[in-house]
Amino acid sequence: MAKQKENAVVHSQKQLADGIYSMWINTEAAKDAKPGQFISMYTTDGSKLLPRPISICEIDKENGRLRVVYRVTGPKTGTEEFSKLKAGDIIPVIGPLGNGFPYEKAEGKKVFLMGGGIGVPPILELAKQMDCEKKQIVVGYRDAQTFLKEEFEQNGELYISTEDGSVGTKGNVMDAIRENALEADMIYACGPTPMLRAIKQYAEENGIECYISLEERMACGIGACLACVCKTKEKDAHSNVNNKRICKDGPVFLSTEVEI
């Protein structure tokens, strides 16, 4: 069933790091939201018809709220407008959209929860809801501005990598795994394509079941426009070619399903 656009209400907002903002919104989408899904947020700028897809960072079903953590991508962008919103402001949204992480499969297993860059936020709700034998959160940042660090520490064993070496392992998330000699039976990951490509290769080489959340520029967010497709091994019933729509069929895929 198609999701309906609704007017969500901003509950609170704060800046977490340079260009990184956290916003809680009151929305009907909180009732059905799952870790790994996203919402599409609309600006009030009439020249920008398309919404901005933003990953869900935390879900508060009891109070009907969602938390999104996003990066402002530049002046006169939708994300810059979002950063100026205050408590009580209205923001049109559609959601929850896409398929989330199958976290139930992790029960009784040692797991890597891996995030990089703006792929870090969706890992938090996943960590909160996952029930597994060993929860190892491996997240990568550019520098010492390790937003969400305290929340991660409360929800698992945290390992950090930074590009400049200012915190944790110098390098990327795979470097952190090697440096700390970490092992896992399953992997859940979200981040930029080069990071996911390395994780996919590592998982296949070690026979590890792996789920990845793909980041892609989206247009409609509901699978109609085919602007955000990825190559797959099986033919898509919608288009009859070897691709899948990231917004509709994903953004979470079994890593062996997709080519990146």
So residue 166 fits all but one of (1) out of contact with any helix residue (DSSP H, G or I) (no Cβ under 6 Å at 6 or more places or on another chain); (2) open to solvent by 40 Å² or more (accessible area, probe 1.4 Å); (3) outside any loop (DSSP other than H, G, I, E, B); what number is the exception?
(3)
Give me the pairs: first residue in the stretch 137-157 and closer than 12 Å to residue 20 by Cβ, second residue charged (D, E, K, R), beta-carbon distance under 6 Å, and six or more apart or on different chains, which are they?
142/163; 143/164
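Inside the stretch 30-72, counting only strands (runs of 3 or more DSSP E) that do not spill past its ends, which hold 1 or more residues that are open to solvent by 20 Å² or more (accessible area, probe 1.4 Å)?
Details: elements: 38-41, 52-60, 65-71.
Ranges flagged: 52-60, 65-71.
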With the structure loaded, tell me whether residue 3 is under 23 Å from residue 130 (Cβ atoms) and either at pLDDT below 95 or open to solvent by 50 Å² or more (accessible area, probe 1.4 Å) (or both) or whether it fails that test.
no
Which residue pairs have Cβ atoms closer than 8 Å, lie 6 or more positions apart in sequence or on different chains, and pair a first residue in the stretch 97-115 that is on the phi < 0 side of the Ramachandran plot with a second residue that is in a helix (DSSP H, G or I) and of a type outside the set (A, V, I, L, M, F, W, C)?
103/129; 115/122
Among all residue pairs at least 6 apart or on different chains, which show Cβ distances below 7 Å where the first residue, located in the stretch 60-75, is of a type in the set (Gly, Ala, Ser) and modelled with pLDDT under 95 and the second is outside any loop (DSSP other than H, G, I, E, B) and open to solvent by 10 Å² or more (accessible area, probe 1.4 Å)?
74/80
When every residue in the stretch 111-155 that is part of a loop (DSSP other than H, G, I, E, B) and more than 21 Å from residue 37 (Cα to Cα) is compared, the one least open to solvent (accessible area, probe 1.4 Å) is 146
When residue 15 is evaluated against the numbered criteria (1) under 18 Å from residue 151 (Cβ atoms); (2) in contact with a Gly (Cβ under 6 Å, 6 or more places away or on another chain); (3) part of a strand (DSSP E or B), which criterion, by number, is the only one it fails?
(2)
Go through (1) at pLDDT 60 or above; (2) surrounded by 16 or more Cβ atoms within 10 Å (Cβ to Cβ); (3) within 18 Å of the chain's Cα centre (by Cα); (4) of a type outside the set (A, V, I, L, M) one by one and return the number of the condition residue 248 breaks.
(1)
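The values are calculated or read from the model by the stated rules, or taken from the named source; none is laboratory data. These numbers come from a predicted model, not from an experiment. A quick note on method: Cβ atoms are made from the backbone with ideal geometry, for glycine too, and the neighbour counts reach across all protein chains shown. These accessible areas exclude ligands, DNA and RNA; they are computed on the full protein's heavy atoms, side chains included. Shrake-Rupley method; radii C 1.70, N 1.55, O 1.52, S 1.80 Å.
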